[in-house]
Every structure is written in structure tokens, then in C-alpha cells.
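What follows is a single structure, written as C-alpha cells, with notes after it.
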Amino acid sequence: MKNIVLFGPPGVGKGTQAALLKERYDLVHISTGDVFREHIKNKTELGKLASSYMDYGNLVPDKVTIEMLKSEINKNLDAKGIIFDGFPRTIVQATELDSCLKVKGLKVNGMVALEVPENLLVERILNRGKTSGRPDDQDEGKIRHRFGLYRTKTAILREYYQEQNKYFGVNGVGAIDEITQRLTDVIDKF
Ligand code: ADP
């Protein structure tokens, strides 16, 4: 399996690019945010719990997120590979992902990170909030809070993957198809 972590701060375009990469490489796309939102829509217990964190821009606790992610992986073991979008977001999540894949004889092939200056992103997210209906996209304070968590808890994953020579940064500013091309130039080598 070709397993790819698509990485970057909120609003950087991971969802858009993941959908395109999924088609191109015939991969399964697991977005933890989308899975949580699906649970919220279906009013499951997990959905209720997740929304009590997500609506305020907080991270859902690791234990809950990891359990949910593992069950998504287990549903897709026959896939050609998985694009992880929005996961891992903490060091604990990254180590759990590694060990979960390892017991199955699998690994993360690489992390591709979309790099975009933060000031461009807040505006993008506020615009997305006008149509997405996401409560966490409609309030600048909540958005800034998400960036704060990204800096304190998530950004360190760059080093985690760099130490394994698995980090590849890609310029995320430009037209959608240009960015897809930059990503595929990297992923083709995995
Ligand atoms: P964005 O990247 O724009 O923040 P996502 O859809 O990836 O959007 O995530 C939305 C929210 O879902 C996060 O703010 C967080 O509350 C929750 N979430 C998603 N993935 C994780 C994760 N790996 N760990 C903890 N919380 C998560």
C-alpha cells in the first residue's frame, strides 16, 4: 500500500487536493474531520462528543480520534493505499498510526505538506464558512484558536517525519491544478 499523510494548517486545501489525488492514484481518502462531521450529521454518540470539541475549534481527544481512525483503516485494508487528511495532528496520533500500520506490515510512505502563509488562510476559511455551514469556520476567534493549536501541537510533526526522511514540503499557493502537479511530482517517487 502507498500510504500518504497530507499535511498542513487549517484551510490549506488538503480536502480539495486529497479528492484529486485519490482519483489519480486510486487511493482511499480518510479525512478525520469529514468522518467526525458525518457522525455529527447522523447524530451518533461519537458525533455528539466530537462536536463539543470541534464547534469551538478544539481538537477531539487523541483516544477517541485514534480509535475512530483505526476502525477506518481496518475497513480499507484491501485498498491500494490511503491518503490521511487531518490525521495525525499530535505526536501521540503519529506514533499510534505508525504502530497500527506496522502490525499489518504497512507504513507511512511519506508526508506531503502544503505550505501557505497563515494570513492568506484565515481569509480563505472565513470565505469557506459562508457556504460550508461549519461553526468553526465562521468566527475569526475560533479560526485563530485552531491555528494556535496547529502551531503548538501539530506543526512539530514536520520534524517527526523529517527525522525519518519522510517529509516533503510543497508550495500551496497557486492554481489548484498547479498544486496538484507539485504534489504528484513528490508522490510519484514514493
Ligand atoms: P481544518 O483542517 O480546516 O481544521 P478538518 O476538517 O481537518 O478541518 O478538522 C475540523 C476539526 O475536526 C478540527 O478542528 C478538530 O476539532 C477535529 N479533528 C479533525 N481531525 C482531528 C484529529 N486528527 N485530532 C483531533 N481532532 C481532529
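Bear in mind that the values in this text are calculations on the coordinates, not laboratory data. Everything quoted here is computed from the prediction, not taken from an experiment. Cβ atoms come from the backbone with ideal geometry, glycine included; neighbour counts cover every protein chain shown.
Of Lys43/Lys130; Lys14/Lys63; Lys22/Lys102; Lys70/Lys107, which sit over 20 Å apart, Cα to Cα? Working shown, then result.
Details: Lys43/Lys130 23 Å; Lys14/Lys63 23 Å; Lys22/Lys102 23 Å; Lys70/Lys107 14 Å.
From the list (Lys43/Lys130; Lys14/Lys63; Lys22/Lys102; Lys70/Lys107), the Cα-Cα distance tops 20 Å for Lys43/Lys130; Lys14/Lys63; Lys22/Lys102.
Annotation for the stretch 125-145 versus the stretch 1-80: alpha-carbon center distance of 18 Å. For the chain, averaging the sequence separation of C-alpha pairs within contact (under 8 Å, six or more residues apart) and dividing by the residue count gives a relative contact order of 32 percent.
Between Asp26 and Asn171, how high is the FRET efficiency from 1/(1 + (r/R0)^6) when r is the Cβ-Cβ distance and R₀ = 30 Å? Nearest 0.05. Let's see the in-between values first.
Numbers: r = 26 Å, r/R0 = 0.86.
So, using R0 = 30 Å, E works out to roughly 0.70.
Whole percent per 5 Å bin, from 0 to the bin with the longest distance: what is P(r) over all C-alpha pairs of the chain? For the chain, the pair-distance distribution reads 1, 7, 16, 21, 22, 18, 11, 3, 0.
In this structure, Tyr160 and Lys48 have a Cβ-Cβ separation that, at R0 = 41 Å, corresponds to a calculated FRET efficiency of about 0.85.
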